[in-house]
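See below for the structure under consideration.
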C-alpha cells in the first residue's frame, strides 16, 4: 500500500481541523449514548414485553440471552421501486441468519423510498430531496426503542442511503452495516435508450416506441444499471467500509447475493459492544472515511447529487466538508472508470471488469484512499477483493488487473488525469459541474442566456424552436428553499438534441440535475439560490453568460454598475398539491446546497 497522496492528506487534515469541535461533541454524544442511553438492560418489564410481543419465534431467546445481539432492521422495502422490491423477503431470511450465530433480529421500522425515475419531471420530484430528511427521521424513530445492539440498513437508491446513514449516525454507538440488494441484469443498451429519447424529444417517434424502449431498460427487480446516484451510493459505502466487501453489484436472486446478506448479519453479531471487536458506526464514519467516499466518487465519475448528500452525511457525524474539498480532490484524483452516462457500459460491465474491488485496490496503490479506516468487516484492504463461492462457502479473491480497460483502468493509466467534478465560481455564485461525461471542447460555453423559472417552459421553448442557437439555458427558482430543489433530468434529451445540431449549449440552475447527468455541460446547485436574492435572480434574457469549467468560473458578462442596480426577479407563486404544502417547514428552514440542503440538520445546529 502506498503512502497517502499529498493532496488527499492535505484535504483530510483541513477537514479534521475545521471539524474538531463538532467532531469532539459528536463522539462525546455517542459515548454518552453507549454508556447511559436507552438500551435493553434499562428498559422496564412492560417496555420489554411490548418489544418482544411481536416476535414469537425469537421471544424466548431474547429473554434468556439478553446480552446476545438483537439486530434492528430498518427497511426501505416497497415493490414500486425496483431496487427495493428485492428486499421483500430479506427480514425473514436475516432472522434465520441471526439465529445461526446466536443472535436475534427484528424489523425496527420502515422508511419511505420514492423513485426519482417515477417522479422525474412531475410535482412529486419537489419532495425528493426532502425525502432524505424524512428517511433520516424515520430511521431515528425506528431505532429509538432501545431494543437493539446493532442495525442493518436495507436501502440503495438516491436519497435513501444518505437518509439511512444520517439517521443511524445519531445512534453512532451501534454497529451498523448497510445491506444492498444488487443491480438488475442489463437491458437495452444505453446508447439505444438515449437515441430513442432524443428522437422522441424531436417528435420523430411516438410514446409507444418510447415506452417500449424504457420498459426494455428498466425491466425487472434490482437497481437501475446506469451509474447515477443509487449506484454512486454503493461505491461510496464500499469506500467507507460500511458494506461487506464488494457486496454492491452482485445481482439479486443469486446464491452469492444471499451469502453476502448472511455474512452481513453474522458480522453484525461479531462487532457488538459485548464482544472484543466493537465497531460502532460513529467511529467507522470519520474524516478519513468521508474523504475516501469523495475520492471514490470522483475517480468513478459518480453522481453530482453527492455534492449535497456527502456534506449532509458528514455533518451528521460532526464533520464539515465543502465544495472546495471536492474541487481540490478532483484536481488530484484520476478518473479510472467509464460507466454510463460517462461511457457506453453499465454497472454490470463495471463489476465484470473488476468493480469496486479493483477500484479500491488501484486507488489504494496510488495513495488516493486512506487504508487505515475502521470498517465493519476487517482491514480496508479486504475491500480490494471480490466475493466468490467456493462450494457453498463465501470467500474473497484478489483482483490484480482490470478485466476490461474500456470500462476500468489502473490509477497510473486513467481515462483522465483528474476526477469527474469541477467547482465553478463567479458573479453568479458557486456551483458544480460534472465533467466526466462532457467532451473537453464543451467545457467552455459563452452565449446569450434564455432565462426560465420552470423546466416545462424550457421544453415549450424547445418545441417552438426558440432555442435554435448557441444558448445558456438558465432555470432558476429551483433551489431547496424555493421548491425543494427538484432534479431537471427531463431537460436532458432536448438539450442533447440542440447540442447534436451543432449549437453550444449549457444549463445553469440553482436546482439539481440527475445523478445520470450526461453530455451537456450543466452548472448546477448554484448558490446562493434565486429565492432570497441570489445573483442568478438578476439575470435577464439576452445577457451573455460564460460557463467555463476549464478555469472554474461562471459569470454574467454584464457591466458591474448595471449588474448591481438591477431588480431581482420575483419567484413564481407556490402552488399547493401532491402534499408539497406540508413540507413548508423544510423549505423555509433548509440549509444551502453546499451545506447539505437539509432543514433537519440546519435547525439542529449541525
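The values are calculated or read from the model by the stated rules, or taken from the named source; none is laboratory data. On a predicted model such as this, the values are computed, not experimentally measured, just so you know. All Cβ positions, glycine included, derive from the backbone under ideal geometry; neighbour counts span all protein chains shown.
Checked against the criteria, residue 544 counts as in the same structural domain as residue 430 (by TED's automatic domain parsing) and either more than 14 Å from residue 126 (Cβ to Cβ) or surrounded by 14 or more Cβ atoms within 10 Å (Cβ to Cβ) (or both). Here 141, 235 are screened, and the one residue that is part of a helix (DSSP H, G or I) and either surrounded by 23 or more Cβ atoms within 10 Å (Cβ to Cβ) or not assigned by TED's automatic domain parsing to the domain that holds residue 105 (or both) is 235. Just checking, does the range 10-19 include any residue being closer than 17 Å to residue 147 by Cα, touching a residue at least 12 places away in the same chain (Cβ under 8 Å), buried (at least 16 other Cβ atoms within 10 Å of the Cβ) and in the same structural domain as residue 108 (by TED's automatic domain parsing)? No, the conditions are met nowhere in the range 10-19. State whether the residues of the range 117-125 include one that is surrounded by 22 or more Cβ atoms within 10 Å (Cβ to Cβ), out of contact with any helix residue (DSSP H, G or I) (no Cβ under 6 Å at 6 or more places or on another chain) and more than 28 Å from residue 342 (Cβ to Cβ). Within the range 117-125 (the criterion being surrounded by 22 or more Cβ atoms within 10 Å (Cβ to Cβ), out of contact with any helix residue (DSSP H, G or I) (no Cβ under 6 Å at 6 or more places or on another chain) and more than 28 Å from residue 342 (Cβ to Cβ)), the answer is no, since none of the residues qualifies.
For the range 477-486, does any single residue satisfy the condition of being part of a strand (DSSP E or B), buried (at least 18 other Cβ atoms within 10 Å of the Cβ) and out of contact with any helix residue (DSSP H, G or I) (no Cβ under 8 Å at 6 or more places or on another chain)? No: the range 477-486 contains no residue that is part of a strand (DSSP E or B), buried (at least 18 other Cβ atoms within 10 Å of the Cβ) and out of contact with any helix residue (DSSP H, G or I) (no Cβ under 8 Å at 6 or more places or on another chain).
Count of the range 399-442 residues, restricted to those that are within 24 Å of residue 479 (Cα to Cα), assigned to a loop (DSSP other than H, G, I, E, B) and modelled with pLDDT of 95 or more, is 2. Count of the range 521-550 residues, restricted to those that are in contact with a helix residue (DSSP H, G or I) (Cβ under 7 Å, 6 or more places away or on another chain) and not in a strand (DSSP E or B), is 6. Set side by side, the residues 461, 449, 412 differ, and just one is assigned by TED's automatic domain parsing to the domain that holds residue 522, touching a residue at least 12 places away in the same chain (Cβ under 8 Å) and surrounded by fewer than 24 Cβ atoms within 10 Å (Cβ to Cβ), which is 449. Those helices (runs of 4 or more DSSP H) of the range 274-342 in which 2 or more residues are over 16 Å from the mean Cα position of the chain (by Cα) and under 13 Å from residue 418 (Cβ atoms) occupy 323-332.
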